[in-house]
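First the structure, in the form of structure tokens, and then the observations on it.
Each reported figure results from applying straightforward, stated rules to the coordinates on display, with no laboratory input. The model shown is predicted, which means the values in this text are computed figures rather than measured ones. Backbone-built Cβ (ideal geometry, glycine too); neighbour counts: all protein chains shown.
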Amino acid sequence: MSTYTNISSCIRTSLLLTLCLWIITIYFCVLSYRLVTAPDPIGPIRAFIQTNLVGLPVIHGRQTWEFDPDVALRRRRQFIELHGDKGEKLIERLGLGIDGFEDERLKMQRQRDDGHLGGLNYFLP
């Protein structure tokens, strides 16, 4: 029985070793192909560190943005005219959908909400 176990474990070990060698061989083939095709070949360790830990140089570049913090105050009036105060008209338009049945859906919603205060019953006296 012990001879069978030794042979079985020996076979498992050799299969595992063969699998590891195949994986390492494929890894080095892909790595060498990458080094040949890449315009600026860098090592896999450096690439891993740069992409996962440090970041690409584009991330660390200085950027400038033209930002006007007062634009919201100037556009508030336009938003209220178009969408209503606090967006009531916008919410209603979004709730009607865009499939061509907006008028029918609006009529059904108005009929459903008739007699309700904001659509809720418990605010009624």
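Near Gly97: Cβ cut-off under 12 Å, other residues only, Lys/Arg at +1 and Asp/Glu at -1. The net charge is -3.
Given R0 = 41 Å, the distance between the Cβ atoms of Arg46 and Glu92 translates into a calculated FRET efficiency of 0.15. With K and R counted +1 and D and E -1, the other residues having a Cβ less than 12 Å from that of Met108 yield a net charge of -1.
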